[in-house]
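I have placed the structure first, in the form of structure tokens, so that the comments after it can refer back to it.
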Amino acid sequence: MEVYNNLSELPIFPNAVITIGSFDGIHKGHQKLFERIRQLADDSEGTSVVITFHPHPRIVLRPNDSKIRLITAIDEKVALLEKIGIDVVVVVPFNQDFLKQTPDEYIQQFLLKRFQPKYIVIGYDHKFGKNRAGDINYLKRYQQAGNFEVIEIQKQEVENITVSSSKIRKALDAGEMDVANQLLGHPFTISGTVVKGEGIGNTLGFPTANVETPSTHKLIPREGIYAIRVHHKEQIHDGVLYIGKRPTIEGVDNRTIEAHIFDFGKDIYGDPIKLEFVSFIRGDAKFEGLEALQKQMVRDAQAARNILKKKPTESLVEPQAVNLPEVAVVILNYNGRDLLEKFIPSVIASAYPNIRIIVADNGSTDDSLEYLARFSEVEILELKENHGFAKGYNLALSQIDSPYQVLLNSDVKVSPGWLQPLVTAMEEDLNLGVCQPKVRAFHEPSFFEYAGAAGGMIDVWGYPFCRGRIFDTLEEDKGQYETDQEIFWASGAAFMIRRSLYEQLEGLDADYFAHHEEIDLCWRIKRAGYKIKAIPSSVVYHVGGGTLDYGNERKVFLNFRNSLYNLIKNESPSKLLWLIPWRLVLDGIAGIMFILKGQFKSCLAIIQAHFAMYKNYSKMKRKRRHYDDLIQKVSISPSPNLTGMYSKSIIWQYYIRRKKTYNKL
């Protein structure tokens with residue numbers, strides 16, 4: 001990573017994708033934003049650039065405000081950005097001259113002249129220039145002339161970032177290090193220089209390194225004792241930390257930060273040091289004398305050792321395998337040797353350490369199995385014949401006991417860090433039954449892909465659509481759907497499910513063969529009160545139509561028939577009395593549209609789908625009663641979770657009101 005502190009030394013950054021802000025803490029909210037910056041840079045063969053400020057703007061604007069407390073000092077911030085994988089960090093000297101720039105000068109002389117950006121990613125409330133007169137709309141006026149595009153961070157995401165920062169500060173003030181580190185996505189640290197103290201620790205048998213921080217605005221957590229890891233000259237040591245005013249010692253009232261490093265006897269006065277906070281042990285206290293204090297220090301040191309043995313060294317980008325739940329990524333294959341050759345390497349390269357990669361083969365007659373044999377990382381389940389998507393997965397997953405299971409299409413390329421956000425979401429919310437990554441198009445990676453996009457929804461008539469895809473309209477991914485959001489169904493191309501829930505609800509309906517079976521399963525899960533979410537910080541790329549082309553009449557038949565099956569099995573009997581006749585009318589209109597396009601076989605497929613539905617109506621009703629019993633046994637709510645069900649007609653909104661994108665509904 002390149003770091004620049006002098007604007008006059010900046011080179012030309014090709015296709016610069018820039019974001020601007022203080023980014024105090026570099027917490028999980030910021031990390032989602034930076035992942036978007038990196039993705040845009042990758043898609044455009046450009047450079048990810050983070051522009052930040054030093055000193056913090058609030059310190060310049062309010063020089064006498066002692067209440068300003070920063071989670072990260074500038075050096076800590078830069079180090080974290082390097083771990084994240086940002087290409088360039090520009091630290092702008094924030095001073096009165098910078099403040100005096102008019103909005104036009106800021107855009108022309110600072111942004112355009114210095115960076116020549118392709119994309120500028122900023123929040124909806126971003127202000128700049130003298131008296132903060134410039135805003136995002138002001139900046140957008142320059143888009144065409146400056147040949148760049150402004151990508152707006154939505155209000156909810158900006159507010160989530162602000163709330164996260166507030167929660168982190170509150171957690172640090174309370175000594176809740178587990179909470180703070182979880183929100184940060186990395187350990188909280190204090191960096192400083194070792195200075196001479198009064199030597200009291202030496203007399204008690206606990207020599208300490210007194211740490212002086214370079215900034216009076218650095219946030220210092222609650223006073224007390226902490227288990228820590230000490231970074232010194234590229235070495236990491238265990239230790240115990242004291243923060244406080246040493247109330248046991250008479251005549252002392254200044255706060256100190258003192259680290260006792262275990263099994264360490266070196267003289268490190270004047271050396272830089274970094275303290276990584278692992279856990280809070282106890283609050284500060286006054287003891288009767290030095291002997292009582294010494295006995296307590298022995299207990300504190302042992303408590304710290306015990307804690308540190310159980311907690312591995314944390315990392316921002318490479319989570320440890322210890323305590324991470326096992327995830328089985330299951331790929332169903334039928335004569336897909338070419339697809340496996342193209343995409344299985346990306347799955348093997350997944351960064352998640354506790355992963356099983358399993359290919360369930362549906363009786364392939366090509367050389368798929370011979371090709372897979374070269375990969376020691378891949379397990380093979382042979383199913384002997386082609387059972388279709390639904391039954392094939394049911395047979396495979398019944399033999400796999402991993403707590404989290406991912407159903408992944410063979411025509412999907414995954415990004416290295418795609419699994420961790422899904423696991424984190426499931427671990428943090430026990431009521432989350434299923435989650436899916438953001439699905440982008442493999443051949444047009446800046447666009448969403450048809451089969452799932454940024455999460456599936458369904459309208460009142462049972463027609464599915466997605467955030468980022470309504471019917472055949474695919475949106476370009478410009479960060480408009482970056483927040484985790486409850487949805488109605490997860491894409492069958494890639495979704496994670498709790499093994500217990502899949503088993504208890506008997507998985508996918510084998511009568512579907514393929515298409516809409518994931519919507520049926522998700523509907524049952526929603527009826528049991530569970531949540532289903534899209535996690536856009538996880539990204540995969542789907543070819544689409546890799547097994548059956550989207551225009552194939554067999555696919556049309558399965559889509560329409562199985563959509564009707566879903567209604568019979570999941571909607572209330574009273575609603576079906578009027579819903580099914582109306583679906584006959586609406587599907588008839590769809591058939592007429594196929595005729596007008598010259599797709600006569602597709603129109604015939606719709607007719608056949610309806611006859612198949614009538615033929616199997618009683619069978620689907622019996623299934624409905626069977627699944628009702630299963631749902632009742634696993635239900636966590638007296639009423640179904642209908643979040644993600646659109647209360648209007650998507651057909652009316654799309655074709656009559658011309659609302660072609662999800663965010664306009």
Per the filter on region 456-474, residues assigned to a strand (DSSP E or B) and of a type in the set (A, V, I, L, M, F, W, C) are Met457, Ile458, Phe465, Cys466, Ile470, Leu474
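Scanning region 166-195 for residues that are outside any loop (DSSP other than H, G, I, E, B) and of a type in the set (Gly, Ala, Ser), which turns out nearest to Tyr269 (Cα to Cα)?
So, considering only residues that are outside any loop (DSSP other than H, G, I, E, B) and of a type in the set (Gly, Ala, Ser), the one nearest to Tyr269 (Cα to Cα) is Gly192.
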Residue pairs qualifying under the 6 Å Cβ cut-off, at least six apart or on distinct chains, with the first in region 591-604 being within 19 Å of Leu558 (Cα to Cα) and the second being surrounded by 12 or more Cβ atoms within 10 Å (Cβ to Cβ) and of a type in the set (A, V, I, L, M), are Gly591/Ile606; Ser602/Val556; Cys603/Ile595
Condition set under 41 Å from the mean Cα position of the chain (by Cα) and among the β-branched types (Val, Ile, Thr), scope region 277-304, selection surrounded by the fewest Cβ atoms within 10 Å (Cβ to Cβ): answer is Ile281
- prompt: So is Glu385 assigned by TED's automatic domain parsing to the domain that holds His542, among the acidic types (Asp, Glu), touching a residue at least 12 places away in the same chain (Cβ under 8 Å) and exposed (fewer than 14 other Cβ atoms within 10 Å of the Cβ) or not?
  reply: yes
Flagged in region 8-37 as part of a helix (DSSP H, G or I) and either modelled with pLDDT of 95 or more or surrounded by fewer than 17 Cβ atoms within 10 Å (Cβ to Cβ) (or both), in numbering order, are Ser8, Glu9
Exception for Ser618 within (1) buried (at least 18 other Cβ atoms within 10 Å of the Cβ); (2) at pLDDT 90 or above falls at (1)
Residues in region 389-411 that are in a strand (DSSP E or B), among the aromatic types (Phe, Trp, Tyr) and surrounded by 24 or more Cβ atoms within 10 Å (Cβ to Cβ) total 0
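Which helices (runs of 4 or more DSSP H) sit wholly inside region 55-165 and have at least 3 residues that are in contact (Cβ under 8 Å) with a residue 60 or more places away in the chain?
Correct list: 74-84.
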For region 632-653, does any single residue satisfy the condition of being in a helix (DSSP H, G or I) and of a type in the set (D, E, K, R)? yes
Exercise for review: Within region 568-583, identify whether any single residue is among the β-branched types (Val, Ile, Thr) and either surrounded by fewer than 15 Cβ atoms within 10 Å (Cβ to Cβ) or within 13 Å of Gly462 (Cβ to Cβ) (or both), and answer yes or no.
Suggested key: yes
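Among the residues of region 594-631, which ones are among the hydrophobic types (A, V, I, L, M, F, W, C) and either assigned to a strand (DSSP E or B) or closer than 14 Å to Asn566 by Cβ (or both)?
Those that are among the hydrophobic types (A, V, I, L, M, F, W, C) and either assigned to a strand (DSSP E or B) or closer than 14 Å to Asn566 by Cβ (or both): Ala609, Ala612, Met613, Met620.
The values are calculated or read from the model by the stated rules, or taken from the named source; none is laboratory data. The structure displayed is predicted, hence computed values, not measured ones. Using ideal geometry, Cβ is built from the backbone for each residue, glycine included, and neighbour counts are taken over all protein chains shown.
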